[in-house]
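As structure tokens, the structure follows; a few thoughts come after it.
The values are calculated or read from the model by the stated rules, or taken from the named source; none is laboratory data. Bear in mind the structure is a predicted one, so any value in this text is a computation, not a measurement. Positions of Cβ are generated from backbone atoms using ideal geometry, with glycine treated the same way; all protein chains shown enter the neighbour counts.
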Amino acid sequence: MHATIRNNHCPPGGAHLSPSTVFLFGVVFAAALAVLAGDLNAQTNPFRPDSEWGELPDGREWGAVSAIYPAPDGNLWVAERCGVNSCVGSDLDPVLLMDTDGNVLRSFGAGLISWPHGIFVEPDGSVWITDAMVGDAEDYGLGHSVMKFSPEGELLMTLGTPGTAGDPPEFLNRPSDVLVAPNGEIYVVDNHGTDPPNRIVKYAPDGTYLETWGETGFGPGQLHDPHALAMDSQGRLFVGDRKNNRIQLFDQDGNFLEFWTQFGRPSGIFIDENDRIYVADSESSLADEAHQGRRNPGWERGIRIGDARTGWVDYFIPDSHPDPNESGTSGPEGVAVDADGNVYGGEVLQRRVVKHHRIRP
């Protein structure tokens, strides 16, 4: 099997230099990059953040957000965790339809979802939510499932058995994200976290189980915390292989194509109709003496925007958290884009949605 590794930060090949020369060059080059980084990011970030976007009704406060996706009518679907980081025992609707000004138009889902994590919206407006399970959700018969709703909130289909973890075809285990291909086939990345299973589960349009692929590991085609899904115009499946700090590309039969590392540590992926790819990195950490051992060291958290056809990264929207080495998760985990090119980041730690207004082409 031919494997392609794409990293646009590193040139293919290079001169053979002595260790001392390499070290000196590295020090000088790193210093130059540090000086230039701020200017380059400023020049290639044509967005300005609005961290006050989204007013919830009746004084309700935002909970953790990792699920956000545009609706066919130009509005946005957002699933938030009921003012905190769990909807277990809450009577609030976690799934909200919002306009681009941040007004809630309608909502649904109270009592059906414990921990909304991933979301996908079909062209007909159907809304898919993954319930990855949290805390004592199993005692309430919640979690370990993927649900399809009508735009009005009617439950149309359930994959997995809510409240029970296990293996397909009957069960799932903390599914992170879901995607419906143009032919109607359904893909689920199963298992939120790094423990097995780390897999992709495929279903027919009517929910009939078809196949499972993937295993825990670090090699091409292996997965470790598969966290996000997207598909480009070629029908390639983009999997956010988060613990492995890469995006893996597969065909729709599960054959490995290549992997990319240039988009950081992917928590969320969105690909628009023009094959622009938006990747939310909520867990990388800058490498310095005080923070060795952090996840994906040397990378900044934020949203990277590029071309899904070539893999080139064009823009970077940095995380607004004051500590770029926060040990957990900060900044955007979910990401979506509206018809005007504005980018929305769903944030878990900060518990909000930030609208990044596009201010120039």
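Looking only at strands (runs of 3 or more DSSP E) that lie completely in segment 89-154, which have at least 1 residues being among the polar types (S, T, N, Q) and buried (at least 16 other Cβ atoms within 10 Å of the Cβ)?
Values: elements: 95-98, 104-108, 116-121, 127-131, 145-149.
The strands (runs of 3 or more DSSP E) meeting that bar are 104-108, 127-131, 145-149.
Only one residue in Leu229, Leu249 is free of Cβ contacts under 8 Å to residues at least 60 places away in the same chain, crowded, with 18+ Cβ neighbours inside 10 Å and in a strand (DSSP E or B). Which one? I'd like the intermediate steps shown before the answer.
Values: Leu229 fails: free of Cβ contacts under 8 Å to residues at least 60 places away in the same chain.
Only one candidate qualifies: Leu249.
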From the residues in segment 74-88 that are polar (S, T, N, Q) and either in contact (Cβ under 8 Å) with a residue 40 or more places away in the chain or in contact with a helix residue (DSSP H, G or I) (Cβ under 6 Å, 6 or more places away or on another chain) (or both), which one is surrounded by the fewest Cβ atoms within 10 Å (Cβ to Cβ)?
Asn85
Per-region count, segment 158-194, residues surrounded by fewer than 20 Cβ atoms within 10 Å (Cβ to Cβ) and closer than 13 Å to Asp241 by Cα:
2
Run Phe316 past the list (1) under 28 Å from Leu56 (Cβ atoms); (2) buried (at least 16 other Cβ atoms within 10 Å of the Cβ); (3) touching a strand residue (DSSP E or B) at 6+ places or on another chain (Cβ under 7 Å) and report the number of the one that doesn't hold.
(1)
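Does Thr130 satisfy the criteria of being modelled with pLDDT of 95 or more and under 26 Å from Tyr187 (Cβ atoms)?
On the way: modelled with pLDDT of 95 or more: yes; under 26 Å from Tyr187 (Cβ atoms): yes.
The answer is yes for Thr130.
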Counting only residues that are touching a residue at least 24 places away in the same chain (Cβ under 8 Å), in contact with a Ser or Thr (Cβ under 6 Å, 6 or more places away or on another chain) and in a loop (DSSP other than H, G, I, E, B), segment 156-205 contains a total of 5
Looking at (1) farther than 21 Å from His357 by Cβ; (2) touching a Leu at 6+ places or on another chain (Cβ under 7 Å); (3) aliphatic (A, V, I, L, M), which one does Val78 not meet, given that it meets all the others?
(1)
Hey, could you check segment 41-85 for residues that are part of a loop (DSSP other than H, G, I, E, B) and among the aromatic types (Phe, Trp, Tyr) and say which is nearest to Lys148 (Cα to Cα)?
Trp62
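Being out of contact with any strand residue (DSSP E or B) (no Cβ under 6 Å at 6 or more places or on another chain), among the small types (Gly, Ala, Ser) and within 16 Å of Arg265 (Cα to Cα) narrows it down to one residue among Gly184, Gly166, Gly193, Gly235; which is it? It would help to see each step written out before you state the result.
Details: Gly184 fails: within 16 Å of Arg265 (Cα to Cα); Gly166 fails: within 16 Å of Arg265 (Cα to Cα); Gly235 fails: within 16 Å of Arg265 (Cα to Cα).
Exactly one residue qualifies, and that residue is Gly193.
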